[in-house]
Amino acid sequence: MEPDLMDIGSNLGDTIKYKNVHEELISKLKAKQDNITELLTRAD
């Protein structure tokens, strides 16, 4: 995974970039949450 999970960046620019990547990933995961919940419900 890039950036590494625990990498906070070596300067402010890197840190802001990593924060934006993190927020984008969270947004993508939230968009798929309903599908995941539905699949897990069917599996039970």
Among TYR18, MET6, GLN33, whose Cα projects farthest towards the positive end of the dipole of the chain, with charges put on the beta-carbon of Lys, Arg (+1) and Asp, Glu (-1)?
GLN33
Could you state the angle between the C-alpha long axis of helix 12-43 and the longest principal axis of the C-alpha atoms of the chain, as a value from 0 to 90 degrees rounded to the nearest 10?
10 degrees
Per the helix-only calculation at 222 nm, which mean residue ellipticity applies to the chain, given -39500 (n - 2.57) for every DSSP H run of n ≥ 4 and division by its residues, nearest 500 deg cm²/dmol?
-26500 deg cm²/dmol
Using only the alpha carbons, work out the radius of gyration and Dmax of the chain in angstrom.
14.9, 47
Given the peptides 34-40, 14-20, arrange them by the average over their residues of other C-beta atoms within 10 Å, most packed first.
14-20, 34-40
For GLY9, which sequence-distant residues (separation of 5 or more, or a different chain) have an amide H within less than 5 Å of its own amide H, given hydrogens modelled in the peptide plane?
none
The chain, dipole about Cα centre (Lys/Arg Cβ +1, Asp/Glu Cβ -1), debye to the nearest 20:
140 debye
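Computed from the coordinates by the stated procedures, all read-outs in this text should not be read as laboratory data. In this text the structure is predicted, and so the values were computed from the model without any measurement. All Cβ positions, glycine included, derive from the backbone under ideal geometry; neighbour counts span all protein chains shown.
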